1. What length, rounded to one decimal in nm, is gained on full extension from residue 134 through to residue 493, with 0.36 nm per residue of separation minus their alpha-carbon distance?
2. I'd like to know which of 137, 196, 211 lies farthest towards the positive end of the charge dipole of region 90-245, counting +1 on Cβ of Lys and Arg and -1 on Cβ of Asp and Glu.
3. Please give the per residue accessible area of region 134-260, computed with a probe of 1.4 Å over protein heavy atoms only, in Å².
4. Enumerate the calculated ³J(HN,Hα) couplings along region 132-137 in order (Karplus 6.51 cos²θ - 1.76 cosθ + 1.60, θ = phi - 60°), each rounded to whole Hz, writing x wherever the residue is Gly or Pro.
5. Highest mean first, how do 368-376, 426-434, 91-99 rank when packing is the count of other Cβ atoms within 10 Å averaged over residues?
6. Applying 1/(1 + (r/R0)^6) with R0 = 45 Å to the Cβ-Cβ distance of residue 31 and residue 242, what FRET efficiency is obtained, to the nearest 0.05?
7. Once you've got the Cα coordinates, tell me which of 86/311; 86/358; 86/299; 246/369; 237/311; 291/387 are over 21 Å apart.
8. Let a ≥ b ≥ c be the square roots of the eigenvalues of the Cα gyration tensor of region 145-185; is it rounded (a/c under 1.5), or, if not, prolate (a/b larger than b/c) or oblate?
Amino acid sequence: MEVSMFLNTLTPKFYVALTGTSSLISGLILIFEWWYFRKYGTSFIEQVSVSHLRPLLGGVDSSSPSNSNTSNGEADSNRQSVSECKVWRNPLNLFRGAEYNRYTWVTGREPLTYYDMNLSAQDHQTFFTCDSDHLRPADAIMQKAWRERNPQARISAAHEALELEDCATAYILLAEEEATTIMEAERLFKQALKAGEGCYRRSQQLQHHGTQYEAQHRRDTNVLVYIKRRLAMCSRKLGRTREAVKMMRDLCVFQLMKEFPLLSMFNIHENLLESLLELQNYADVQAVLAKYDDISLPKSATICYTAALLKARAVSDKFSPEAASRRGLSTAEMNAVEAIHRAVEFNPHVPKYLLEMKSLILPPEHILKRGDSEAIAYAFFHLQHWKRVEGALNLLHCTWEGTFRMIPYPLEKGHLFYPYPICTETADRELLPTVFHEVSVYPKKELPFFILFTAGLCSFTAMLALLTHQFPELMGVFAKAFLSTLFAPLNFIMEKVESILPSSLWHQLTRI
């Protein structure tokens, strides 16, 4: 009875205020949820409920002994994900002065992010410095120069070091950052090579005299390999591809002879593969792949997609999707399609760049394997090789999307490779200039339930507020009828309780 009397006293203005306030609150929740999802990739409500409410409601404690095996498995999986999200130096990175800076002068855009350049600074300190640099004044200056953030200060320090003596690392810095053309960079690298070979020969004779000399020899080896690799890249860019191939082959042999771990970070075989493809020397490309496409070695988009290109080359010129659907795929066509599926599973971002469905930008100096940054770096240099093989892009266009039907969903496990890492988007957003490039994301994140729920709630309450404002009397009648129906079971229970309990007891309870 009291409930009915209360409902009868409510005016239409109350319902307008109620629905309007509900719509406003749900809209604010929706905006916050959407912002949180875009920034952190998860629902705030879901995260709070899982992290804080589940333990309070008796959820499973991951630290309990009964779940130790599960925890160990999750820890192993997390360690694998972290290792697979390691950022690698781009083997084909451009010259900062002759290429990246020229792009900035023309477009006014910065092609490199601060995070990417900071990683390069760390690489240079690792490759080109050692603990004994203080013994040589020029090396001591360059040790400070590699830590300097201001490009002009780095260049000035390199010139200062060259005034003292011929310093290989000073020539490297000038070739990378001050030279405005590839020819000028090549000239400086040749001077660096002359100085670097002298340092290498001297440290080679003294490397067994102590740990200090051994570290110096390791540094001089890194410097020499870096210079020769960049000289080979200059030859490749200037059209002397056969000369570049010879230099890269010698470097690969040198890398196999030496046991320094840092040499493997250069991935010189990827430079060699690109140059051999330019010469259309497919037999030698296959020989290099046979050596490096090994289960014990880390894969890359260059290795996987080059293997797919070679197999597609055997059938792509005569491939027709209509004919293949009628007669089925031949053995060679099946091998080509499987190779494409393998490559797409490794890095699903590449096909859109090769098929020119997504615009290319300058590749970064560092890449994340299986990420958008690696896809850009691969397509930037290898798109021309796919175009040169007749029908290869057509075969890729017809078959690449079939890969996703073979990958288990959700991505708890992979098909041919380990599960796709979930950390690639975050790292790629740090490596790529998101101001003018939309980062490719795989797998696409589904909207959390709470975003959909709050969106529906906001829309529903907004519609109710609008209808109540336009038709207050009619909506008031509907609201009273709805609330009366909603509270009918409660009224029935209250009446039964009043009839059963003595009136004096019920009066005392209501007073309490």
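1. Full extension from residue 134 to residue 493 adds 120.3 nm.
2. 196
3. Normalised by residue count, the accessible surface of region 134-260 is 51 Å².
4. 9, 5, 5, 6, 10, x
5. 368-376, 91-99, 426-434
6. It comes to 0.15.
7. Pairs exceeding 21 Å: 86/311; 86/358; 246/369; 237/311; 291/387.
8. Oblate, because a/c is 1.5 or more while a/b does not exceed b/c.
The values are calculated or read from the model by the stated rules, or taken from the named source; none is laboratory data. On a predicted model such as this, the values are computed, not experimentally measured, just so you know. Positions of Cβ are backbone-derived with ideal geometry, glycine not excepted, and every protein chain shown enters the neighbour counts. SASA here: full protein model, heavy atoms, side chains in, ligands and nucleic acids out. Shrake-Rupley method; radii C 1.70, N 1.55, O 1.52, S 1.80 Å.
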